[in-house]
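The values are calculated or read from the model by the stated rules, or taken from the named source; none is laboratory data. Predicted, not measured: the structure shown is a model, and the values here were computed from it. Cβ atoms come from the backbone with ideal geometry, glycine included; neighbour counts cover every protein chain shown. Keep in mind that these areas ignore ligands, DNA and RNA; they rest on the heavy atoms of the full protein, side chains included. Shrake-Rupley method; radii C 1.70, N 1.55, O 1.52, S 1.80 Å.
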Amino acid sequence: METTPILITLQIALLTTGILFVVALPLCYWLSLSRGWLVLAIELVITLPLLLPPTVLGFYLLVFFGEGTLIGALLRSINIQPLFSWWGILFASVLYNIPFMMLPIISGFRAIPQGIHEAARMCGKSPTLVLWRVLLPMVRSNILVAIVMTMMHTIGEFGVIMMVGGNIPGETRVISIALYDEVQALNYEQAHWYAGLLLVVSMIALVFVFRLQQDRFSRSLVYKRSSTLSQES
Amino acid sequence: MIHVFCDAPAVWSERFRIRGECSATTPAIIGLTGISGSGKTTLLRIIAGLERQDDAVPTHVEFSGALWQHTKVQGALDAFPEALQQSTSTFVQPEQRPVGMVFQQPELFPTMTVLENIRFALPKVFPEILHIQSEQNFLDEIIEITHIREFLRRKSHQLSGGQQKRVALARGLARCADLLLLDEPTIGLDHKSGEHLIESVISYCRKHKRTMIVATHDGHLLHDIDTEWRIAHGRVKVR
(Lines give C-alpha, C1' and ligand atoms only; values in the text may rest on other atoms or scores of the structure.)
Protein backbone atom coordinates (compact mmCIF):
# COMPACT_ATOMS: atom_id res chain seq x y z
CA MET A 1 0.00 0.00 0.00
CA GLU A 2 1.41 3.39 -1.00
CA THR A 3 1.37 6.18 1.58
CA THR A 4 1.12 9.12 -0.84
CA PRO A 5 -2.62 8.67 -1.57
CA ILE A 6 -3.23 8.43 2.17
CA LEU A 7 -1.34 11.67 2.80
CA ILE A 8 -3.15 13.53 0.02
CA THR A 9 -6.50 12.26 1.31
CA LEU A 10 -5.68 13.45 4.83
CA GLN A 11 -4.49 16.86 3.59
CA ILE A 12 -7.65 17.40 1.56
CA ALA A 13 -9.92 16.13 4.38
CA LEU A 14 -8.35 18.32 7.07
CA LEU A 15 -8.25 21.44 4.90
CA THR A 16 -11.80 20.96 3.61
CA THR A 17 -13.10 20.56 7.16
CA GLY A 18 -11.10 23.53 8.45
CA ILE A 19 -12.11 25.91 5.66
CA LEU A 20 -15.76 24.90 5.82
CA PHE A 21 -15.89 25.18 9.61
CA VAL A 22 -14.53 28.73 9.67
CA VAL A 23 -16.84 29.91 6.88
CA ALA A 24 -19.90 27.90 7.90
CA LEU A 25 -20.17 28.68 11.61
CA PRO A 26 -20.97 32.41 11.34
CA LEU A 27 -23.12 31.79 8.27
CA CYS A 28 -25.12 29.07 10.07
CA TYR A 29 -25.67 31.36 13.06
CA TRP A 30 -26.93 34.13 10.80
CA LEU A 31 -29.18 31.75 8.82
CA SER A 32 -30.68 30.31 12.00
CA LEU A 33 -31.71 33.79 13.18
CA SER A 34 -32.94 35.20 9.89
CA ARG A 35 -36.04 34.69 7.82
CA GLY A 36 -37.15 35.60 4.32
CA TRP A 37 -36.66 34.62 0.72
CA LEU A 38 -32.90 35.22 0.78
CA VAL A 39 -32.46 32.72 3.62
CA LEU A 40 -34.61 30.21 1.77
CA ALA A 41 -32.57 30.68 -1.42
CA ILE A 42 -29.26 30.25 0.40
CA GLU A 43 -30.52 27.12 2.14
CA LEU A 44 -31.62 25.68 -1.16
CA VAL A 45 -28.18 26.24 -2.63
CA ILE A 46 -26.30 24.80 0.33
CA THR A 47 -28.52 21.69 0.43
CA LEU A 48 -28.22 21.02 -3.29
CA PRO A 49 -24.92 19.04 -3.19
CA LEU A 50 -26.66 16.55 -0.88
CA LEU A 51 -28.94 15.35 -3.68
CA LEU A 52 -26.91 16.27 -6.74
CA PRO A 53 -24.92 13.38 -8.28
CA PRO A 54 -21.21 14.12 -7.73
CA THR A 55 -20.52 13.75 -11.43
CA VAL A 56 -22.95 16.57 -12.21
CA LEU A 57 -21.14 18.93 -9.85
CA GLY A 58 -17.82 17.76 -11.31
CA PHE A 59 -19.06 18.37 -14.85
CA TYR A 60 -20.14 21.95 -14.09
CA LEU A 61 -16.81 22.65 -12.40
CA LEU A 62 -15.06 21.42 -15.56
CA VAL A 63 -17.18 23.76 -17.64
CA PHE A 64 -16.81 26.67 -15.22
CA PHE A 65 -13.02 26.47 -14.93
CA GLY A 66 -12.36 25.36 -18.52
CA GLU A 67 -9.76 26.85 -20.86
CA GLY A 68 -12.27 29.11 -22.58
CA THR A 69 -13.80 30.74 -19.49
CA LEU A 70 -12.77 34.05 -18.02
CA ILE A 71 -12.30 32.71 -14.50
CA GLY A 72 -10.28 29.73 -15.78
CA ALA A 73 -8.00 32.02 -17.78
CA LEU A 74 -7.66 34.39 -14.84
CA LEU A 75 -6.59 31.62 -12.47
CA ARG A 76 -4.14 30.19 -14.99
CA SER A 77 -2.61 33.65 -15.52
CA ILE A 78 -1.62 33.70 -11.83
CA ASN A 79 -0.28 30.14 -12.09
CA ILE A 80 -3.14 28.34 -10.36
CA GLN A 81 -4.29 25.32 -12.28
CA PRO A 82 -7.97 24.92 -11.29
CA LEU A 83 -8.51 21.55 -12.97
CA PHE A 84 -6.69 18.23 -12.65
CA SER A 85 -4.65 19.55 -9.75
CA TRP A 86 -4.45 19.43 -5.97
CA TRP A 87 -6.09 22.88 -5.74
CA GLY A 88 -8.88 21.70 -8.03
CA ILE A 89 -9.86 18.74 -5.86
CA LEU A 90 -9.63 20.88 -2.69
CA PHE A 91 -12.05 23.44 -4.14
CA ALA A 92 -14.42 20.76 -5.43
CA SER A 93 -14.36 18.95 -2.12
CA VAL A 94 -15.16 22.15 -0.19
CA LEU A 95 -18.16 22.79 -2.45
CA TYR A 96 -19.39 19.23 -2.29
CA ASN A 97 -19.24 19.09 1.51
CA ILE A 98 -21.12 22.31 2.28
CA PRO A 99 -24.34 20.55 3.34
CA PHE A 100 -22.55 18.04 5.57
CA MET A 101 -20.96 20.84 7.56
CA MET A 102 -23.81 23.33 7.53
CA LEU A 103 -27.06 21.42 7.94
CA PRO A 104 -26.29 19.86 11.37
CA ILE A 105 -25.06 23.19 12.75
CA ILE A 106 -28.07 25.13 11.45
CA SER A 107 -30.47 22.61 12.94
CA GLY A 108 -28.58 22.82 16.25
CA PHE A 109 -28.93 26.60 16.39
CA ARG A 110 -32.59 26.42 15.39
CA ALA A 111 -33.36 23.94 18.18
CA ILE A 112 -32.39 26.51 20.82
CA PRO A 113 -35.65 27.90 22.23
CA GLN A 114 -36.39 31.60 21.77
CA GLY A 115 -36.66 31.89 25.55
CA ILE A 116 -32.98 31.02 25.99
CA HIS A 117 -31.96 33.83 23.59
CA GLU A 118 -34.17 36.25 25.52
CA ALA A 119 -33.01 35.10 28.95
CA ALA A 120 -29.38 35.54 27.85
CA ARG A 121 -30.05 39.06 26.60
CA MET A 122 -31.79 39.93 29.84
CA CYS A 123 -28.57 39.00 31.66
CA GLY A 124 -27.21 42.18 30.08
CA LYS A 125 -24.57 40.51 27.95
CA SER A 126 -23.51 41.47 24.42
CA PRO A 127 -24.63 39.23 21.52
CA THR A 128 -21.02 38.04 21.03
CA LEU A 129 -20.69 36.93 24.63
CA VAL A 130 -24.11 35.24 24.48
CA LEU A 131 -23.02 33.33 21.38
CA TRP A 132 -19.74 32.27 22.94
CA ARG A 133 -20.92 31.33 26.44
CA VAL A 134 -24.51 30.19 25.94
CA LEU A 135 -25.29 29.25 22.34
CA LEU A 136 -22.09 27.58 21.10
CA PRO A 137 -21.90 25.17 24.08
CA MET A 138 -25.52 24.20 23.33
CA VAL A 139 -24.68 23.21 19.74
CA ARG A 140 -21.39 21.53 20.68
CA SER A 141 -22.48 18.02 19.72
CA ASN A 142 -23.98 19.25 16.43
CA ILE A 143 -20.64 20.87 15.58
CA LEU A 144 -18.77 17.65 16.37
CA VAL A 145 -21.17 15.60 14.23
CA ALA A 146 -20.76 18.11 11.38
CA ILE A 147 -16.96 17.93 11.59
CA VAL A 148 -16.90 14.12 11.60
CA MET A 149 -19.41 13.87 8.75
CA THR A 150 -17.50 16.37 6.59
CA MET A 151 -14.18 14.70 7.31
CA MET A 152 -15.45 11.19 6.53
CA HIS A 153 -17.29 12.31 3.47
CA THR A 154 -14.15 13.94 2.07
CA ILE A 155 -12.07 10.87 2.81
CA GLY A 156 -14.50 8.68 0.90
CA GLU A 157 -15.27 11.05 -2.01
CA PHE A 158 -14.84 9.51 -5.45
CA GLY A 159 -17.07 10.96 -8.17
CA VAL A 160 -16.22 14.67 -7.93
CA ILE A 161 -12.52 13.96 -7.60
CA MET A 162 -12.53 11.63 -10.59
CA MET A 163 -14.25 14.33 -12.71
CA VAL A 164 -12.24 17.35 -11.58
CA GLY A 165 -8.95 15.83 -10.53
CA GLY A 166 -8.53 12.75 -12.62
CA ASN A 167 -5.94 10.31 -11.39
CA ILE A 168 -2.54 11.99 -11.13
CA PRO A 169 -0.22 10.11 -8.75
CA GLY A 170 1.18 12.39 -6.05
CA GLU A 171 -1.32 15.13 -6.85
CA THR A 172 -4.94 14.04 -7.16
CA ARG A 173 -4.73 10.33 -6.50
CA VAL A 174 -6.61 9.94 -3.20
CA ILE A 175 -7.34 6.65 -1.39
CA SER A 176 -10.68 5.95 -3.05
CA ILE A 177 -9.15 6.45 -6.50
CA ALA A 178 -6.10 4.36 -5.65
CA LEU A 179 -8.51 1.60 -4.58
CA TYR A 180 -10.37 1.86 -7.90
CA ASP A 181 -7.05 1.64 -9.76
CA GLU A 182 -5.92 -1.44 -7.91
CA VAL A 183 -9.23 -3.19 -8.61
CA GLN A 184 -9.01 -2.29 -12.29
CA ALA A 185 -5.54 -3.82 -12.36
CA LEU A 186 -6.90 -6.90 -10.53
CA ASN A 187 -4.50 -6.19 -7.67
CA TYR A 188 -6.91 -7.44 -5.04
CA GLU A 189 -4.36 -7.71 -2.29
CA GLN A 190 -3.50 -4.02 -2.52
CA ALA A 191 -7.17 -3.14 -2.91
CA HIS A 192 -7.93 -4.99 0.34
CA TRP A 193 -5.51 -2.75 2.24
CA TYR A 194 -7.10 0.48 0.98
CA ALA A 195 -10.66 -0.80 1.43
CA GLY A 196 -9.90 -2.15 4.91
CA LEU A 197 -8.38 1.14 5.98
CA LEU A 198 -11.46 3.12 4.83
CA LEU A 199 -13.77 0.58 6.49
CA VAL A 200 -12.01 0.80 9.87
CA VAL A 201 -11.82 4.61 9.85
CA SER A 202 -15.50 4.88 8.88
CA MET A 203 -16.53 2.48 11.66
CA ILE A 204 -14.58 4.47 14.25
CA ALA A 205 -16.18 7.72 13.04
CA LEU A 206 -19.65 6.17 13.18
CA VAL A 207 -19.13 4.88 16.74
CA PHE A 208 -18.08 8.41 17.70
CA VAL A 209 -21.18 9.98 16.12
CA PHE A 210 -23.45 7.36 17.70
CA ARG A 211 -21.99 8.01 21.13
CA LEU A 212 -22.61 11.73 20.73
CA GLN A 213 -26.23 11.09 19.77
CA GLN A 214 -26.61 8.64 22.67
CA ASP A 215 -25.34 11.25 25.13
CA ARG A 216 -27.89 13.71 23.89
CA PHE A 217 -30.63 11.08 24.04
CA SER A 218 -29.86 10.00 27.61
CA ARG A 219 -29.64 13.62 28.72
CA SER A 220 -33.09 14.31 27.32
CA LEU A 221 -34.37 11.21 29.18
CA VAL A 222 -32.99 12.51 32.49
CA TYR A 223 -34.66 15.83 31.76
CA LYS A 224 -38.00 14.20 31.04
CA ARG A 225 -37.77 12.13 34.21
CA SER A 226 -36.99 15.14 36.37
CA SER A 227 -39.87 17.15 34.93
CA THR A 228 -42.35 14.31 35.50
CA LEU A 229 -41.06 13.97 39.08
CA SER A 230 -41.63 17.63 39.71
CA GLN A 231 -45.14 17.40 38.37
CA GLU A 232 -45.87 14.49 40.71
CA SER A 233 -44.56 16.25 43.82
CA MET B 1 -40.36 57.22 38.55
CA ILE B 2 -41.47 54.52 36.17
CA HIS B 3 -43.84 55.51 33.42
CA VAL B 4 -45.29 53.12 30.86
CA PHE B 5 -47.74 53.75 28.09
CA CYS B 6 -48.73 51.25 25.46
CA ASP B 7 -51.36 50.37 22.93
CA ALA B 8 -50.01 47.00 21.90
CA PRO B 9 -51.36 43.71 20.59
CA ALA B 10 -51.05 40.81 23.03
CA VAL B 11 -48.34 38.15 22.64
CA TRP B 12 -50.93 35.56 21.71
CA SER B 13 -53.29 37.53 19.47
CA GLU B 14 -53.07 40.39 17.01
CA ARG B 15 -56.66 41.39 17.58
CA PHE B 16 -56.45 41.70 21.35
CA ARG B 17 -54.85 44.97 22.41
CA ILE B 18 -53.57 46.16 25.74
CA ARG B 19 -54.04 49.87 26.25
CA GLY B 20 -53.19 52.12 29.12
CA GLU B 21 -50.85 54.34 30.96
CA CYS B 22 -49.37 53.43 34.30
CA SER B 23 -46.76 54.95 36.52
CA ALA B 24 -45.31 54.75 40.01
CA THR B 25 -42.75 56.57 42.11
CA THR B 26 -39.62 54.46 42.39
CA PRO B 27 -38.31 52.55 44.19
CA ALA B 28 -41.54 50.63 44.55
CA ILE B 29 -42.92 47.15 44.70
CA ILE B 30 -45.58 46.94 42.02
CA GLY B 31 -48.04 44.12 41.66
CA LEU B 32 -49.29 43.48 38.14
CA THR B 33 -52.55 41.59 38.35
CA GLY B 34 -55.23 40.28 36.06
CA ILE B 35 -56.64 36.93 35.04
CA SER B 36 -54.55 34.56 32.88
CA GLY B 37 -54.34 35.85 29.35
CA SER B 38 -55.10 39.43 30.29
CA GLY B 39 -51.74 40.68 28.95
CA LYS B 40 -49.44 40.75 31.99
CA THR B 41 -46.60 39.04 30.14
CA THR B 42 -46.96 41.40 27.17
CA LEU B 43 -46.66 44.43 29.43
CA LEU B 44 -43.55 43.03 31.18
CA ARG B 45 -41.96 42.24 27.80
CA ILE B 46 -42.65 45.78 26.61
CA ILE B 47 -40.88 47.18 29.66
CA ALA B 48 -37.94 44.80 29.12
CA GLY B 49 -37.73 45.75 25.43
CA LEU B 50 -38.45 42.26 24.16
CA GLU B 51 -41.58 43.18 22.24
CA ARG B 52 -41.36 44.24 18.66
CA GLN B 53 -40.75 47.86 17.90
CA ASP B 54 -42.65 48.48 14.69
CA ASP B 55 -44.37 51.72 13.85
CA ALA B 56 -47.85 50.41 14.43
CA VAL B 57 -47.44 50.06 18.19
CA PRO B 58 -47.28 53.30 20.16
CA THR B 59 -45.12 52.61 23.20
CA HIS B 60 -43.47 54.75 25.83
CA VAL B 61 -41.23 53.36 28.58
CA GLU B 62 -39.41 55.63 30.97
CA PHE B 63 -37.53 54.65 34.10
CA SER B 64 -35.69 56.83 36.63
CA GLY B 65 -35.44 59.75 34.24
CA ALA B 66 -34.12 57.64 31.34
CA LEU B 67 -36.22 57.18 28.23
CA TRP B 68 -35.93 53.52 27.16
CA GLN B 69 -38.48 53.44 24.44
CA HIS B 70 -40.68 55.80 22.52
CA THR B 71 -42.22 54.52 19.33
CA LYS B 72 -43.83 57.20 17.23
CA VAL B 73 -46.76 56.27 15.08
CA GLN B 74 -46.79 57.42 11.48
CA GLY B 75 -49.73 59.67 10.81
CA ALA B 76 -51.27 59.41 14.28
CA LEU B 77 -50.29 62.53 16.18
CA ASP B 78 -52.57 61.93 19.11
CA ALA B 79 -51.47 58.34 19.80
CA PHE B 80 -49.79 59.47 23.02
CA PRO B 81 -51.10 61.54 25.93
CA GLU B 82 -49.81 65.09 25.56
CA ALA B 83 -47.30 64.86 28.40
CA LEU B 84 -45.55 61.90 26.79
CA GLN B 85 -45.18 63.19 23.25
CA GLN B 86 -41.62 63.20 21.88
CA SER B 87 -40.19 64.47 18.64
CA THR B 88 -38.26 61.30 17.76
CA SER B 89 -38.46 57.56 18.33
CA THR B 90 -36.08 55.94 20.80
CA PHE B 91 -35.25 52.31 21.47
CA VAL B 92 -32.74 51.08 24.03
CA GLN B 93 -31.77 47.43 23.38
CA PRO B 94 -32.98 45.00 26.08
CA GLU B 95 -29.44 44.07 27.17
CA GLN B 96 -28.67 47.75 27.73
CA ARG B 97 -31.65 48.37 29.99
CA PRO B 98 -30.88 47.83 33.68
CA VAL B 99 -33.57 45.17 33.98
CA GLY B 100 -33.45 41.74 35.55
CA MET B 101 -36.19 39.50 34.23
CA VAL B 102 -37.51 36.18 35.45
CA PHE B 103 -39.62 34.49 32.82
CA GLN B 104 -42.56 32.17 33.37
CA GLN B 105 -40.45 29.28 32.07
CA PRO B 106 -37.13 29.11 33.94
CA GLU B 107 -35.07 29.19 30.68
CA LEU B 108 -31.87 28.07 32.42
CA PHE B 109 -28.78 27.62 30.25
CA PRO B 110 -28.55 23.80 30.06
CA THR B 111 -24.78 23.51 29.58
CA MET B 112 -24.02 25.52 32.72
CA THR B 113 -24.30 24.55 36.37
CA VAL B 114 -26.64 26.46 38.67
CA LEU B 115 -23.76 28.60 39.94
CA GLU B 116 -22.51 29.33 36.40
CA ASN B 117 -26.04 30.34 35.38
CA ILE B 118 -26.14 32.87 38.20
CA ARG B 119 -22.61 34.12 37.63
CA PHE B 120 -23.38 34.71 33.95
CA ALA B 121 -25.85 37.41 34.96
CA LEU B 122 -23.43 39.27 37.27
CA PRO B 123 -22.55 42.77 36.08
CA LYS B 124 -18.94 43.57 35.14
CA VAL B 125 -18.78 46.18 37.87
CA PHE B 126 -21.26 46.65 40.67
CA PRO B 127 -22.85 50.11 40.86
CA GLU B 128 -20.99 51.98 43.62
CA ILE B 129 -24.20 53.22 45.14
CA LEU B 130 -25.06 49.68 46.28
CA HIS B 131 -22.00 49.41 48.57
CA ILE B 132 -21.41 45.78 47.70
CA GLN B 133 -18.40 44.55 49.64
CA SER B 134 -17.50 41.60 47.48
CA GLU B 135 -18.94 39.48 44.73
CA GLN B 136 -19.07 36.54 47.13
CA ASN B 137 -21.13 38.46 49.69
CA PHE B 138 -23.52 39.54 47.00
CA LEU B 139 -23.90 35.99 45.67
CA ASP B 140 -24.29 34.54 49.19
CA GLU B 141 -27.21 36.83 49.93
CA ILE B 142 -29.01 35.84 46.72
CA ILE B 143 -28.35 32.15 47.30
CA GLU B 144 -29.74 32.40 50.85
CA ILE B 145 -32.93 34.17 49.75
CA THR B 146 -33.72 31.68 47.01
CA HIS B 147 -32.64 28.55 48.98
CA ILE B 148 -30.54 27.03 46.24
CA ARG B 149 -27.31 26.35 48.11
CA GLU B 150 -27.58 22.57 48.12
CA PHE B 151 -27.67 22.23 44.32
CA LEU B 152 -25.26 24.91 43.10
CA ARG B 153 -23.12 22.37 41.25
CA ARG B 154 -25.99 20.65 39.44
CA LYS B 155 -27.15 21.32 35.90
CA SER B 156 -30.70 22.33 35.06
CA HIS B 157 -31.79 18.86 33.88
CA GLN B 158 -30.96 17.51 37.36
CA LEU B 159 -33.40 19.90 39.05
CA SER B 160 -37.13 19.72 39.67
CA GLY B 161 -39.43 22.35 38.14
CA GLY B 162 -39.65 24.27 41.42
CA GLN B 163 -35.89 24.23 41.90
CA GLN B 164 -35.36 25.52 38.36
CA LYS B 165 -37.77 28.33 39.09
CA ARG B 166 -35.78 29.39 42.15
CA VAL B 167 -32.51 29.34 40.20
CA ALA B 168 -34.09 31.55 37.52
CA LEU B 169 -35.10 33.97 40.26
CA ALA B 170 -31.55 33.97 41.65
CA ARG B 171 -30.21 34.68 38.15
CA GLY B 172 -32.64 37.61 37.78
CA LEU B 173 -31.42 39.05 41.11
CA ALA B 174 -27.76 38.53 40.15
CA ARG B 175 -28.20 40.93 37.24
CA CYS B 176 -28.04 43.58 39.98
CA ALA B 177 -30.41 45.84 38.05
CA ASP B 178 -32.53 48.72 39.30
CA LEU B 179 -35.66 47.11 37.96
CA LEU B 180 -36.68 43.50 38.49
CA LEU B 181 -39.51 41.96 36.48
CA LEU B 182 -41.05 38.70 37.69
CA ASP B 183 -43.53 36.83 35.53
CA GLU B 184 -45.61 34.45 37.65
CA PRO B 185 -42.68 33.55 39.91
CA THR B 186 -44.65 31.12 42.04
CA ILE B 187 -45.99 28.79 39.35
CA GLY B 188 -44.56 25.34 39.99
CA LEU B 189 -43.99 26.03 43.68
CA ASP B 190 -46.40 25.01 46.43
CA HIS B 191 -48.47 27.80 47.94
CA LYS B 192 -46.52 28.15 51.18
CA SER B 193 -43.00 28.22 49.74
CA GLY B 194 -44.17 30.47 46.91
CA GLU B 195 -45.49 32.99 49.38
CA HIS B 196 -42.34 32.76 51.48
CA LEU B 197 -40.11 33.25 48.41
CA ILE B 198 -42.02 36.32 47.24
CA GLU B 199 -41.88 37.83 50.73
CA SER B 200 -38.11 37.43 50.94
CA VAL B 201 -37.56 38.86 47.45
CA ILE B 202 -39.77 41.84 48.29
CA SER B 203 -37.82 42.56 51.47
CA TYR B 204 -34.54 42.17 49.54
CA CYS B 205 -35.72 44.74 47.00
CA ARG B 206 -36.81 47.13 49.73
CA LYS B 207 -33.48 46.80 51.51
CA HIS B 208 -31.52 47.54 48.32
CA LYS B 209 -33.97 50.17 47.02
CA ARG B 210 -34.84 48.28 43.88
CA THR B 211 -38.06 48.50 41.95
CA MET B 212 -39.88 45.28 41.31
CA ILE B 213 -42.87 44.46 39.15
CA VAL B 214 -44.38 41.10 39.89
CA ALA B 215 -47.03 39.70 37.60
CA THR B 216 -49.34 37.15 39.15
CA HIS B 217 -52.91 36.02 38.77
CA ASP B 218 -52.95 35.03 42.42
CA GLY B 219 -53.88 38.19 44.35
CA HIS B 220 -53.23 36.54 47.74
CA LEU B 221 -49.50 36.61 47.15
CA LEU B 222 -49.40 40.37 47.19
CA HIS B 223 -49.77 41.40 50.84
CA ASP B 224 -46.92 43.80 50.79
CA ILE B 225 -47.02 45.83 47.58
CA ASP B 226 -46.97 49.61 47.17
CA THR B 227 -48.98 49.91 43.99
CA GLU B 228 -51.17 47.61 41.97
CA TRP B 229 -51.41 47.78 38.20
CA ARG B 230 -54.46 45.89 37.14
CA ILE B 231 -55.20 44.72 33.62
CA ALA B 232 -58.81 43.94 32.80
CA HIS B 233 -60.52 43.79 29.41
CA GLY B 234 -57.42 45.12 27.69
CA ARG B 235 -57.09 48.19 29.91
CA VAL B 236 -54.23 48.85 32.30
CA LYS B 237 -55.19 50.81 35.38
CA VAL B 238 -53.33 51.94 38.48
CA ARG B 239 -55.20 51.07 41.66
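Observations, loosely collected:
- Estimated purely from DSSP H runs of n ≥ 4, each contributing -39500 (n - 2.57), the mean residue ellipticity at 222 nm for chain A is -25000 deg cm²/dmol once divided by its residues.
- Beta bridges by DSSP in chain B, antiparallel share as percent, to the nearest 5: 55
- Ordering A:141, A:34, A:114 by Cα displacement along the dipole of the stretch A:4-232 toward the positive end leaves A:114 in first place; charges were set at the Cβ atoms of Lys, Arg (+1) and Asp, Glu (-1).
- Accessible surface of chain B, 1.4 Å probe, proportion on carbon and sulfur as whole %: 49
- Cα gyration tensor category, rounded, prolate or oblate, for the stretch A:4-232 with a/c compared to 1.5: oblate
- DSSP-defined antiparallel bridges as percent of all bridges, the protein assembly as shown, nearest 5: 55
- GluC sites (Glu not before Pro), loop per DSSP, at most 15 other Cβ atoms within 10 Å - longest free stretch of chain A: A:68-233
- Per residue, in Å², the accessible surface of the protein assembly as shown once ligands and nucleic acids are set aside, probe 1.4 Å: 51
- Between the Cα long axis of helix A:98-110 and the first principal axis of chain A there is an angle of about 0°, rounded to the nearest 10.
- Nearest-ten-degree value, helix B:135-146 long axis tilted from longest Cα axis of chain B: 80
- When A and B come together, around 2100 square angstrom of accessible surface is lost from both chains combined, probe 1.4 Å.
- Simple rule: put +1 on each Lys or Arg Cβ and -1 on each Asp or Glu Cβ in chain B, find the dipole, and look at B:146, B:233, B:81; the Cα lying farthest toward the positive end is B:146.
- Cα-centre dipole for the stretch A:4-232 with unit charges at Cβ (Lys and Arg positive, Asp and Glu negative), debye to 20: 1080
- The trypsin sites (Lys or Arg not before Pro) of the stretch B:181-235 that meet both conditions, a loop assignment by DSSP and at most 13 other Cβ atoms within 10 Å of the site Cβ, are B:209.
- Here's the picture: charge each Lys and Arg Cβ at +1 and each Asp and Glu Cβ at -1 in the protein assembly as shown, and of B:180, A:16, A:79 the one pushed furthest to the positive end of that dipole is B:180.
- Average Cα contact separation per residue, the stretch A:1-112, under 8 Å, 6 or more apart, as relative contact order %: 43
- Degrees, to the nearest 10: A:140-156 long Cα axis against longest axis of chain A: 10
- Percent accessible area from carbon and sulfur atoms, the stretch A:4-232, protein chains only, probe 1.4 Å: 72
- Net charge dipole size for chain B [Lys, Arg +1 and Asp, Glu -1 on Cβ; Debye, nearest 20]: 320
- Whole-number percent relative contact order across the stretch A:4-232, with pairs defined as alpha carbons under 8 Å at least 6 apart: 29
- Those residues of the stretch A:88-136 for which accessible area with every protein chain present is at least 20 Å² below the isolated value (1.4 Å probe): A:115, A:116, A:118, A:119, A:121, A:122, A:123, A:124, A:125, A:133, A:134
- In a simple Cβ point-charge model (Lys, Arg +1; Asp, Glu -1; nothing else charged), the protein assembly as shown has a dipole of about 740 debye relative to its Cα centre.
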